[in-house]
Amino acid sequence: MAEFGFNEHHQNEVINYMRFARSKMVLRLKTVDSCFEELKDSRLVEETFTVDEVKEMLDGLQMVVRGEVEMELINTAHTNVLLLRQLFSQAEKFYLRLQSDISELENRELLEQVAEFEKKDFKSGDKMNQETNKPKLAPLNESGVSELLNKEIMRLQEENDKLKARMRTLESQAMSALDERAKADRALKDLQKVQGGHQVADQSQEISGLEDTVAALKDDYERSLSANSASQKGLQENLISAKHELLRVQEQLSMAEKELDKKFQQTAAYRNMKEILTKKNEQIKDIRKRLQRYEPNE
């Protein structure tokens, strides 16, 4: 089993399981043989059989053999689950997660290697008939768990020591940076005291003058804005008064025109002119009638 990468302990475990599986297979084959022997002893007692009788015997034998094979396959599957349960239980105690590749179960090359190993290990019939009750997988003891925990604790302590050393280095670098910054601040303040005394005073006076100028401009703007608002309000009131006066004058003119028209219609000259226009219109109508009588085409 060296080609499978097993150590000696795991190789022995595989051998024990294969012996267990072989013993179960031998028992099931004996059961199948007994089915055929029972058929021979109980049914094949006559010299001739009809087709229906032969068919009935074969159907019965098929049902019995099928049941035995099906039971063996189901039992084998359940046995493999129990074996996996033992392996997974031991792995979980070490916080391991085992994985399986189902496709490898049909790898012909690996299956042939297992068959070759089985031929070498089971050469004699004595090996196949050995006792099937083999010891179970050895459970984990407390010493194994304690050893694993101790290793994990030691690893965590080493990481903790490394982190502490790193923290001390970073603290030292931070303190150095703070000292450098404090020195730079002090040097800057000293330089400002030496060079910037008069400049600060001049800048303060200049800022004060600019503030006064801005305040004066603000006052002028507010006064101008107030005056403009008053002027705008007066203009608006004058405009409204002018509109009212215009409407009043237009109404008076309309009334005067109506009055003059009425008075003109009441004068003798207007009446005479109206009578003359009426007569002229009648004459024109009479002339048009005569013309239509003599010259109907026009």
Flagged as over-length at 32 Å C-alpha distance, from 262/285; 258/280; 93/119, the pairs are 93/119
On the formula 1/(1 + (r/R0)^6), with r taken between the Cβ atoms of residue 47 and residue 120 and R0 of 51 Å, the FRET efficiency rounded to 0.05 is 0.60
Two pseudo-spin positions, 7 Å from Cα along C-beta at residue 38 and at residue 110, lie apart in nanometres by 3.8 nm
Rounded to whole angstroms and listed largest first, the alpha-carbon spread of segment 147-186 along its three principal axes comes to 59, 7, 5
Partner lysines whose C-alpha sits under 24 Å from that of residue 164, ignoring same-chain residues fewer than 8 away, are 151
Treating every alpha carbon of segment 8-124 as one equal point scatterer without solvent, the Debye formula yields log10 I(q)/I(0) values at q = 0.12, 0.16, 0.22 Å⁻¹ of -0.68, -0.96, -1.34
The FRET efficiency for residue 235 and residue 213, from their Cβ-Cβ distance with R0 = 41 Å and rounded to 0.05, is 0.80
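Where a number appears in this text, it was derived from the coordinates with a stated rule and is not lab data. Model, not experiment: these values are computed from the prediction. Backbone-built Cβ (ideal geometry, glycine too); neighbour counts: all protein chains shown.
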